[in-house]
């Protein structure tokens, strides 16, 4: 599902009736930043052209692992790349087979995990089908792998029928959280770094995914769809899930303890809020949402307290901003954006100093 949210920046613009028609640049390039973005300093663009997003720091904050379909790529689906935090020395890590998503460094800095379809389907998925409106396709061949920085697969961490993806590692370096359909619904699971000690930590009907740990590893924030008092919406969710699809028109943010206890809802916007990541303090969440656009087409970054109070807008681009992550030392923010495009609907990786 990480890959599908990545495509918000490219595919959604194909249909004005869908969740987020992210606007690309069609004339003069916009500015790199907006004067209202007072939390960001020394903004730098790290990738140029194609679809690039979901860039996440190594534990020593020296490298970024990310997914990309370069503009000139013969293979038009995402693969995993690594680069230095200044954008230099970009290298392909994944095999080039299948489609990949949701990469994340191991604590040793020598390995990373990611989801891939390469063991079940080596080609790219077909183009998006909007016959059901705007939906995400749940590639049933996705499994989660551990690999070294030469791209060699060290271990296959999941091997269940159906979708397994959206995996990240705790800052404490002891747990992985990921999304799986193995129980019949899209739920969050945790496991040890070697794939053992599986535990399901959500159990309400609806999509649960895009989870990240707090800096101390004690809490998890994630995005979810819920259908309380909405029998029609629930029936539609289940109908699409049976077809391997999900419609992300309404997503809100939740927080819980790592063992699945003490679940609390953070947002209730009836919008599409996703990509939550903990502020280094552990007391706030940064996330992407279209909540300030009545048409639901413009996504920006926001901060909110973990109790749902003190909402603050961070970015003001007229285009898409999403997938934020703070460096482990709290000094940098990296995110994906459609700002400053050379071509419409391309997404690139940006980094900035964070002003506290």
Discussion item. For the stretch 255-318 and the stretch 57-98, what is the centre-to-centre distance using only Cα atoms, to the nearest Å?
Written reply: 26 Å
Discussion item. How compact is the chain by the rule of thumb for globular proteins, expressed as Cα Rg over 2.2 N^0.38 Å?
Written reply: 0.89
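Among rounded, prolate and oblate, which fits the stretch 40-177 when a ≥ b ≥ c are the square roots of the eigenvalues of its C-alpha gyration tensor, a/c under 1.5 means rounded, and a/b larger than b/c means prolate? Don't skip to the answer; put the middle values down first.
Numbers: a/c = 1.66, a/b = 1.18, b/c = 1.41.
Note, shape of the stretch 40-177 comes out oblate.
Taking 2.2 N^0.38 Å as the expected size of a compact globular protein, what ratio does the Cα radius of gyration of the stretch 180-253 give against it, to two decimals? Kindly include the intermediate steps, with their values, before the conclusion.
On the way: Rg = 13.5 Å, N = 74, 2.2 N^0.38 = 11.3 Å.
Dividing the Cα Rg of the stretch 180-253 by 2.2 N^0.38 Å gives 1.20.
Name the shape class, rounded, prolate or oblate, that the alpha-carbon gyration tensor gives for the stretch 227-317, where a ≥ b ≥ c are the square roots of its eigenvalues, rounded holds for a/c under 1.5, and otherwise prolate holds if a/b is larger than b/c and oblate otherwise. Before the final figure, lay out each step's value.
Values: a/c = 2.21, a/b = 1.32, b/c = 1.67.
Verdict is oblate for the stretch 227-317.
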Discussion item. For the chain, set up a GNM with springs between Cα atoms under 10 Å and report which of 132, 342, 54 has the largest fluctuation.
Written reply: 132
Worksheet, complete the sentence: Between residue 159 and residue 238, the FRET efficiency computed from the C-beta separation at R0 = 30 Å comes out, to the nearest 0.05, as 0.70
Practice prompt. For the stretch 110-213, just say rounded, prolate or oblate: build the C-alpha gyration tensor, square-root its eigenvalues into a ≥ b ≥ c, call rounded for a/c under 1.5, and beyond that prolate if a/b exceeds b/c, oblate if not.
Written response: oblate
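Quick one: order 271, 75 by neighbouring beta-carbon count within 10 Å, fewest to most.
Numbers: 271 20, 75 14.
Least crowded to most crowded, the residues run 75, 271.
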Discussion item. Under 10 Å, Cα contacts only: if you run a Gaussian network model on the chain, which one of 41, 53, 115 comes out with the highest mean-square fluctuation?
Written reply: 41
Discussion item. Can you tell me which of 308, 120, 151 moves the most in a GNM of the chain? Springs connect C-alpha atoms under 10 Å apart.
Written reply: 120
Worksheet item: Taking neighbour Cβ counts within 10 Å as the exposure measure, how do 316, 142, 254 sort from fewest upward?
Response: 316, 254, 142
Worksheet item: If we count other beta carbons within 10 Å of each Cβ, what is the order of 311, 253, fewest first?
Response: 311, 253
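With both partners inside the stretch 2-354, how many of the DSSP beta bridges are antiparallel, as a percent to the nearest 5?
Numbers: 77 of 80 bridges.
Roughly 95 percent of the beta bridges in the stretch 2-354 run antiparallel, per DSSP.
For the chain, what does the helix formula give at 222 nm: sum of -39500 (n - 2.57) over DSSP H segments with n ≥ 4, over the residue count, nearest 500 deg cm²/dmol? Numbers along the way, then the final one.
Numbers: 2 runs with 17 residues, N = 356.
Computed mean residue ellipticity for the chain: -1500 deg cm²/dmol.
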Item to complete: Report the label-to-label distance for residue 42 and residue 295 in nanometres (one decimal), using points 7 Å from each Cα along the Cα→Cβ vector.
Response: 3.7 nm
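Here, each number is a calculation from the coordinates, and none is a lab measurement. On a predicted model such as this, the values are computed, not experimentally measured, just so you know. Here Cβ is always computed from backbone atoms with ideal geometry, including for glycine, and neighbour counts include all displayed protein chains.
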